[in-house]
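First comes the structure, then the notes that go with it.
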Amino acid sequence: MPTYLSLSDSSRWVALDESHARAMLERRGVANPQLALLPAAQRVEVVESGDNLRELVWECRRRGRTTGLVPTMGALHAGHLSLVETCLARNELAIATIFVNPTQFGPNEDLDRYPRTLDADLTALEAAGAAYCFVPSVDEMYPAGCTTAVAPPEVARRWEGECRPGHFAGVATIVLKLFHLAPTDDAYFGLKDYQQLLVIRHMARDLNVPITIHSCETVREPDGLALSSRNRYLSEGERQTALAVPSCLLAAQEAWTAGERDSRRLSNCMETTLREGGVSDIDYAVVVDAQTLEPLEDVGELRSAVAIVAARVGATRLIDNRVLSNPSTNADAD
């Protein structure tokens, strides 16, 4: 049966036809759902062993087939599927991974309640055209006695690094493990996690990882909210309040376009927009150097800059960003 993606709430439905999918969504309270028909599915092969994954990738190499890696933690939405789509535009085979990595969660974070939707994820990956999905256990990735961790680069120090101690060590460690287990030609990450993307780029460069890192644009809801697996935590009222997050980035972009280059005024503009929109629990809302993520006193015409924000709406922590300067100078350049 064809697979449909709801652009209204990122639900995926395997349905007889579009009207069937629309009716199911409307019964869930999604008014006038916008639907996209996903490509015809091919069966995705699930791989659970790291050794088997490595051998699979090397066999592809021996046969001259190019491969791309799409690491995820599951709970897939259209943003993840766009990574697969971008991968397949460049590579013959897309290899996704689904692993909720415990080492990147802090003691008071949402590891236990992080959404796990493996069956739906595999259906979506099949529809998107992924050939393989690596779904390891925690013991597979962190066997008994495993104590080595990657020290993240300097770009990890501020912002998420300060708000979530140990987070980027966990990210760098698991991504490097995946790169060793799946030595693909390319790997794909979303720009939504801007600082994470920089951390991975720096790590791959510093440790001579022979995989090309590509970034993909943030996929957003029609009203501008960046797609995130955590959006499902939001109540209806919180979902409306959450729009202040992309709005603050748009305010910074508009001020930038109008000629504002004082980073403090740009950051104040972001924070004001958040608070006026009902968001008061703000970790950071700043304009920083797009390469180093260090604060800028004044953004010169030739400096690269990015607006980044992290805030809580209810109990849900949201992050987002918007590149303000020429994107060819920033983290999204391949």
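Which of the numbered conditions does Thr184 fail, given that it passes all the others? Conditions: (1) touching a strand residue (DSSP E or B) at 6+ places or on another chain (Cβ under 7 Å); (2) not assigned by TED's automatic domain parsing to the domain that holds Leu69.
Unmet condition: (2).
Take the residues of region 220-238 that are assigned to a helix (DSSP H, G or I) and in contact (Cβ under 8 Å) with a residue 40 or more places away in the chain: which is nearest to Ala75 (Cα to Cα)?
Restricting to residues being assigned to a helix (DSSP H, G or I) and in contact (Cβ under 8 Å) with a residue 40 or more places away in the chain, the top hit is Ser229.
Residue under question is Arg61, and the condition is that it be in a loop (DSSP other than H, G, I, E, B) and either assigned by TED's automatic domain parsing to the domain that holds Phe179 or modelled with pLDDT under 95 (or both); does it hold?
Criteria not met by Arg61.
Find all pairs meeting these conditions: Cβ atoms under 7 angstrom apart; at least six residues apart or on different chains; first residue within region 266-290 and of a type in the set (S, T, N, Q); second residue assigned to a helix (DSSP H, G or I).
Listed pairs, sorted by first residue: Thr273/Ala244; Thr273/Ser247; Thr273/Cys248; Thr273/Ala251.
So which helices (runs of 4 or more DSSP H) are wholly in region 95-170 and hold at least 3 residues that are not acidic (Asp, Glu)?
Qualifying helices (runs of 4 or more DSSP H): 118-128.
May I ask you to list the residues in region 194-212 that are buried (at least 21 other Cβ atoms within 10 Å of the Cβ), touching a residue at least 60 places away in the same chain (Cβ under 8 Å) and out of contact with any Gly (no Cβ under 9 Å at 6 or more places or on another chain)?
Of everything in region 194-212, those that are buried (at least 21 other Cβ atoms within 10 Å of the Cβ), touching a residue at least 60 places away in the same chain (Cβ under 8 Å) and out of contact with any Gly (no Cβ under 9 Å at 6 or more places or on another chain) turn out to be Tyr194, Leu198.
Considering region 186-218 alone, what residues qualify as being aliphatic (A, V, I, L, M) and closer than 18 Å to Arg90 by Cβ?
Ala187, Leu191, Leu197, Ile200, Ala204, Val209, Ile211, Ile213
Can you spot a residue in region 240-247 that is surrounded by fewer than 20 Cβ atoms within 10 Å (Cβ to Cβ), in contact with a strand residue (DSSP E or B) (Cβ under 7 Å, 6 or more places away or on another chain), more than 27 Å from Arg201 (Cα to Cα) and outside the structural domain of Thr86 (by TED's automatic domain parsing)?
Scanning region 240-247 turns up at least one residue that is surrounded by fewer than 20 Cβ atoms within 10 Å (Cβ to Cβ), in contact with a strand residue (DSSP E or B) (Cβ under 7 Å, 6 or more places away or on another chain), more than 27 Å from Arg201 (Cα to Cα) and outside the structural domain of Thr86 (by TED's automatic domain parsing).
Regarding region 85-94, can at least one residue be identified that is surrounded by 16 or more Cβ atoms within 10 Å (Cβ to Cβ), at pLDDT below 95 and closer than 20 Å to Asp193 by Cβ?
Yes, because at least one residue in region 85-94 is surrounded by 16 or more Cβ atoms within 10 Å (Cβ to Cβ), at pLDDT below 95 and closer than 20 Å to Asp193 by Cβ.
The values are calculated or read from the model by the stated rules, or taken from the named source; none is laboratory data. In this text, all values refer to a predicted model and were calculated from it rather than measured experimentally. Glycine also receives a Cβ, built like all others from the backbone with ideal geometry; neighbour counts cover every protein chain displayed.
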